[in-house]
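The values are calculated or read from the model by the stated rules, or taken from the named source; none is laboratory data. The structure displayed is predicted, hence computed values, not measured ones. Neighbour counts are summed over all protein chains in view; Cβ atoms, including those assigned to glycine, are modelled from backbone coordinates with ideal geometry. When the accessible area is computed, the model is the full protein with side chains, heavy atoms only, and any ligands, DNA or RNA have been set aside. Shrake-Rupley method; radii C 1.70, N 1.55, O 1.52, S 1.80 Å.
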Amino acid sequence: MTSKQRKIIGGWSQVLTRKPLEEFSVNIYGMVTNLDTLTTGAGWSPKKTTAPRFEGFDSVKILWTYGGEGCSPCSRPATSDEVNRIVQVTQNSKWDGVDFDDECNMNTDNIIEVMKSLKNEGKETSYGFIAGWDYNNPNNGSNGKKLNENVKKLACSGVCDKLVHYCYGAAMWSDEDIKNNVRQALERSINNGMPKENIILALTSAGLNDTNLNYFLDAIVDIDVGGLFIWAYHNLSKQQRKAILQKLPQ
């Protein structure tokens, strides 16, 4: 099986001193879950923290994450001042962009406004959400309908570099949940207008095994989406990293 396009590989870390993997082109630090103070659970803030840089990784884009599991308050950013603050923080602390982790019903219209300003400054943008049963069954609940509407808005905006599908929880989903949701969600985002190359499939190293890893990698290549992001990438085994590089050549 060969890839139809170069695939992006990246991941998230909550530790500012943790280096990207050699194969990464994107590394994201967070999660900034207190959206009023722009602080993480660990207490650091991109307002006061210059984006970490590492020797030998000059080409890796370094982003910070606005949001995450348990983020609050809901419906943020709520005002033009909050929109401007996110942009200013990114510029002042020399981050390469912002990753929006929407797990608290964020204001998508204002996220798009942030992204427009970031793109004007040459910054990177991404938006992630849980791409599971709700997303694939929008007629069975208001949350799924809103998720689909959000993706359509982001696709139409033209300013979202990466739409990230979180297809895991505290650990990898069951094989049944993966089979019933992962490929379906990728196809749904394409049908919602997001270009294939802008869609990133994400997994976690917790509960990762040969079966579910290969399912994700095959889905990326078969559907020809943009690449793979990994939560807790530092726990990947050498064999898992090798498998990823074999399936997703750089």
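Can you check what the net charge comes to around Tyr215, using other residues whose Cβ is under 13 Å from the Cβ of Tyr215 (Lys, Arg +1; Asp, Glu -1)?
My count for the surroundings of Tyr215 gives -3.
I need the phi-derived Karplus couplings for the range 228-239: 6.51 cos²θ - 1.76 cosθ + 1.60, θ = phi - 60°, integer Hz, Gly and Pro marked x.
9, 10, 10, 7, 6, 5, 5, 9, 5, 7, 4, 5
Read phi for every residue in the range 143-152 and hand back ³J(HN,Hα) as whole Hz from Karplus 6.51 cos²θ - 1.76 cosθ + 1.60, θ = phi - 60°, with x for Gly and Pro.
Going residue by residue, I get 5, x, 5, 5, 4, 5, 5, 4, 5, 4 Hz, with x marking Gly and Pro.
Express the relative contact order of the range 127-176 as a whole percentage, based on alpha carbon pairs under 8 Å and six or more residues apart in sequence. Let's see the in-between values first.
Numbers: 40 pairs, mean separation 21.4, N = 50.
Answer for the range 127-176 is 43 percent.
Add -39500 (n - 2.57) for each DSSP H run of 4 or more in the chain, then divide by its residues: what number comes out at 222 nm, to the nearest 500 deg cm²/dmol? Write down the numbers at each step before the final one.
On the way: 7 runs with 87 residues, N = 250.
Only helices count here, giving -11000 deg cm²/dmol.
I want the local charge near Cys104. Using Cβ-Cβ distances under 10 Å, sum +1 for each Lys or Arg and -1 for each Asp or Glu among the other residues.
-3
With a 10 Å cut-off between alpha carbons and a GNM built on the chain, which of Met194, Met115, Met172 moves the most?
Answer for the Gaussian network model of the chain: Met172.
Put Thr211, Thr65 in order of accessible area, largest first, 1.4 Å probe: what do you get?
Greatest to least solvent exposure: Thr211, Thr65.
Could you point to the residue in Ile28, Leu38, Thr204 farthest towards the positive end of the chain's charge dipole, with +1 and -1 charges on the Cβ of Lys/Arg and Asp/Glu respectively?
Of the options given, the answer is Ile28.
Please tell me the relative contact order of the chain in percent, rounded to the nearest whole number, where contacts are Cα pairs under 8 Å and at least six residues apart. Spell out each step's value before the answer.
Numbers: 490 pairs, mean separation 48.9, N = 250.
Relative contact order comes out at 20 percent.
Ranked from the most accessible area to the least, with a 1.4 Å probe and all protein chains present, what is the order of Glu23, Glu69?
Numbers: Glu23 25, Glu69 155 Å².
The most accessible residue leads, giving Glu69, Glu23.
Report ³J(HN,Hα) in whole Hz for each residue of the range 67-79, in order, from the Karplus equation J = 6.51 cos²θ - 1.76 cosθ + 1.60 where θ = phi - 60°; Gly and Pro get x.
x, x, 4, x, 5, 7, x, 6, 6, 9, x, 9, 9
State, as an integer percentage, the relative contact order of the range 45-128 based on alpha-carbon contacts under 8 Å between residues 6 or more apart.
Computed value for the range 45-128: 36 percent relative contact order.
Using Cα springs under 10 Å in a Gaussian network model of the chain, which residue among Asp134, Asp175, Asp222 shows the largest mean-square fluctuation?
Result: Asp175 has the largest fluctuation of those listed.
Taking 2.2 N^0.38 Å as the expected size of a compact globular protein, what ratio does the Cα radius of gyration of the chain give against it, to two decimals? Walk me through the numbers before you get to the answer.
Values: Rg = 16.9 Å, N = 250, 2.2 N^0.38 = 17.9 Å.
The chain yields a ratio of 0.94.
Just to be sure I understand: of the beta bridges DSSP finds with both ends in the chain, what percent are antiparallel, rounded to 5?
Beta bridges within the chain, antiparallel portion: roughly 5 percent.
Tally Lys/Arg at +1 and Asp/Glu at -1 over every other residue whose Cβ is under 13 Å from the Cβ of Pro73; what's the total? Mind showing how you got there, number by number?
Details: positive: Arg76; negative: Asp36, Glu82, Glu103.
Neighbour charge sum, excluding Pro73 itself: -2.
Pop out the carbon and sulfur fraction of the accessible area of the chain as a percent, whole number, probe 1.4 Å.
44 percent
Taking a 32 Å limit on the Cα-Cα distance, which of the listed pairs Lys116/Lys247; Lys7/Lys146; Lys146/Lys196 fall beyond it? Don't jump to the answer; show the numbers that get you there.
Details: Lys116/Lys247 34 Å; Lys7/Lys146 29 Å; Lys146/Lys196 21 Å.
Where the Cα-Cα span goes over 32 Å, the pairs concerned are Lys116/Lys247.
Any chance you could look up the accessible area of Lys19 with a 1.4 Å probe, heavy atoms only, rounded to 10 Å²?
Counting only protein heavy atoms, the figure is 110 Å².
Pick from Phe100, Phe57, Phe229: which is most flexible by mean-square fluctuation in a GNM of the chain where alpha carbon atoms under 10 Å apart are linked?
Phe57
Which order do Trp12, Trp133, Trp44 take when ranked by solvent-accessible area (1.4 Å probe, heavy atoms of all protein chains), largest first?
Trp133, Trp44, Trp12
Using a 1.4 Å probe, what is the accessible area per residue for the chain, in Å²?
Ligands and nucleic acids excluded, the figure is 44 Å² per residue.
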